[in-house]
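What follows draws every value from the coordinates through simple rules; no lab data is involved. What you see is a predicted model, and the numbers here were worked out from it, not measured in a lab. A quick note on method: Cβ atoms are made from the backbone with ideal geometry, for glycine too, and the neighbour counts reach across all protein chains shown.
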Amino acid sequence: MVLLKQISKKHTRILILILLIIISIFIGNLIFNKLIGKPYIGIIKIEGSITSESKKDSILELIESAKENRSIKAVVLDINSPGGGAVVIEEIYLSLLELRKEKPIVSSIDQLGASGAYYIAIASNYIYTKPSSDVGSIGVISVLPDREPLDENIITTGTLKGVGTPRKELTRQIQMIQESFLRAVLFQRGDKLKLSKEELANAKVYVGFDALNFGLIDALGTKEEAIKKASKLAGITNYKVIELNEEPIIKITISLSVDQSILNSSTNTIPMNYYLYLNPEK
């Protein structure tokens, strides 16, 4: 009888200990979620033509904030744009490549992701579009400089002083820029691409279905599906989504446990030749 009582007390102590552990875990998770917070997936919207320095700087600031903030574990680019100026697109692309070394990026193209906007998209790990989205236009557009007018009242120290770049030289530069764009697409899309370099050079615009069949994108889907893909690449399941263009970023210094093998394999990238899109103002 005494032995049974001792066993019963022992089992009771074990049950109480288990119950205390469960309660501690529950309270710990509650405190973490309320006081510290969940990891974030940041959304960066890229809309309209990207030609001004101010618009470029705002996008670069968002990319840098996402890179530096340890609570943001992945980024989704919400794209609806025809592209932009050469220098601004170049800077955004290079900045995204730096971000991609540390955190996965998924692009979600809404209605339009053409020219410079598609160039931005290929800097990501994965690209989604809708079935009817317009994608591609892998080419360069520019205008030839005006011929220098003859005016006896104007004196120049060189034959090209009023022009800058001769027409033949500008044509050669455009061809070089197109070559860089094509090489970037071929490199970033790799074996997924089903179009030849010559076919890409036609600068055709493809709808989402065709873009998928030809390997210009990875899947048809919505922004919500892009968010899920980003969480998978980052190795997180319990997260919050934040629109970086609209909301202030909550800075959290705690570092969550993430499967580094997943992150390293999905974000590895090598910067190389990149696309320059010319859209001079007339």
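Observations, loosely collected:
- As a rough guide to protection, the peptides 77-86, 46-55, 189-198, 220-229 ranked by mean Cβ packing within 10 Å, highest first, stand as 77-86, 220-229, 46-55, 189-198.
- With a Förster radius of 25 Å applied to the C-beta separation of THR222 and GLU102, the computed FRET efficiency comes to 0.45.
- Computed FRET value (nearest 0.05) for LEU186 with ASN80, which takes r as the C-beta separation and R₀ as 25 Å: 0.50
- Potential extension, GLU246-GLU53 segment - 0.36 nm per residue separation minus Cα distance: 67.5 nm
- Model label points for LEU60 and ASN213, set 7 angstrom from Cα along the Cα-to-Cβ axis, are 4.1 nm apart.
- Per-pair calculated FRET efficiency, R0 = 51 Å: LYS232 and THR12 via Cβ, rounded to 0.05: 0.70
- Distance violations [Cα-Cα > 25 Å] among LYS101/LYS240; LYS130/LYS204; LYS55/LYS232; LYS130/LYS228; LYS38/LYS101: LYS55/LYS232
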